[in-house]
Structures are given as structure tokens and as C-alpha cells.
Amino acid sequence: MAKFESSVKQIPYPQQSVYTMLSDLTHIEAVKEKIPEDKLNNLEFDKDRISIDVSPVGQVSMHIIDREEPKMIKFESENSPMSFHFWIQVLPVTDTESKMRLTIDADIPIFLKGMVSGPLQEGIEKIADALAMIPYETQE
């Protein structure tokens, strides 16, 4: 397994607000218009699952397998060219601020590791940046 971690992102919202929004994937609807249109290829989701078309690999799906309120949400791949686990960790900084780190633990074949490591690291950083910009106060 290969592990990729985002840098720690500061979020100007309380830990519970961030957790509440991210632990129920239907809240994506509220922020969908903030995601660039070219990143929304066949985006589908419900409370526990998300699926998106990722070029050039096709449809990638994952579902929530564990929630540890208010600090962690863990996903597992369902439909993906490689199996992986994905964690969102949210920790309090103050009563009104929190910090977040994303982690992917992927089962990458050794012959592909060199090709996919860079894009995976870049991808997890972009996801972390996007999650850090969400207005979390609207979901309480």
C-alpha cells in the first residue's frame, strides 16, 4: 500500500460544522456550484456514496465505511482501477476554527507506482484545498 497525505489545511469553521457537512455526502448539493464544471463529470452521490468520472480511468466510486464524530470520516473504494481507503481528519484549533488533513492509502501495483504517485499527491492536495474553501456554517 502507498500512502499519500495532504498538507494540513486551516478552516475558519468549528470542527463539528465541518464534520457534520462532510459526513453526509448529500451536502455536496449545497456547494456543487462552487466546483468548476470541468471537475463534475457524471458526479453522483447519496448520503454514503460518491461516484465521479475521472479521466482517463473512468468512473470511480467510494462509500463511507466509518464515521468517528466529530473527527474522522473513512471511505473505501467500490468501483476503481485500484483499491484504496480515503480518510478526512478534522481536528479543533479553537472553538471557531479547525484543521483538516486528507489521506489516501492505495494498493498500487509496483509497475504503476512511479506513474500515479505524482498525480495522486497532486489530486489529494487539490481536494484538500477545495474542502478548505467550503462555507461550512450553512449546514448546522
query: Is there any pair linking a residue in segment 97-108 that is closer than 19 Å to residue 16 by Cβ to one that is open to solvent by 10 Å² or more (accessible area, probe 1.4 Å) and assigned to a loop (DSSP other than H, G, I, E, B), with Cβ under 6 Å and at least six apart or on different chains, and which?
result: 97/12; 99/8; 99/93; 101/8
message: Any residue in segment 115-132 that is in contact (Cβ under 8 Å) with a residue 60 or more places away in the chain and closer than 15 Å to residue 82 by Cα sitting within a Cβ distance under 7 Å of a residue that is surrounded by 12 or more Cβ atoms within 10 Å (Cβ to Cβ) and not basic (Lys, Arg)? List the pairs, counting only those 6 or more apart or interchain.
response: 117/2; 120/4; 120/104; 120/106
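Quick one: which residue in 134, 88 is over 20 Å from residue 66 (Cβ atoms) and either among the β-branched types (Val, Ile, Thr) or exposed (fewer than 13 other Cβ atoms within 10 Å of the Cβ) (or both)?
The match here is 134.
The values are calculated or read from the model by the stated rules, or taken from the named source; none is laboratory data. The structure displayed is predicted, hence computed values, not measured ones. A quick note on method: Cβ atoms are made from the backbone with ideal geometry, for glycine too, and the neighbour counts reach across all protein chains shown. Just the protein is used for accessible areas: all its heavy atoms, side chains included, with ligands, DNA and RNA removed. Shrake-Rupley method; radii C 1.70, N 1.55, O 1.52, S 1.80 Å.
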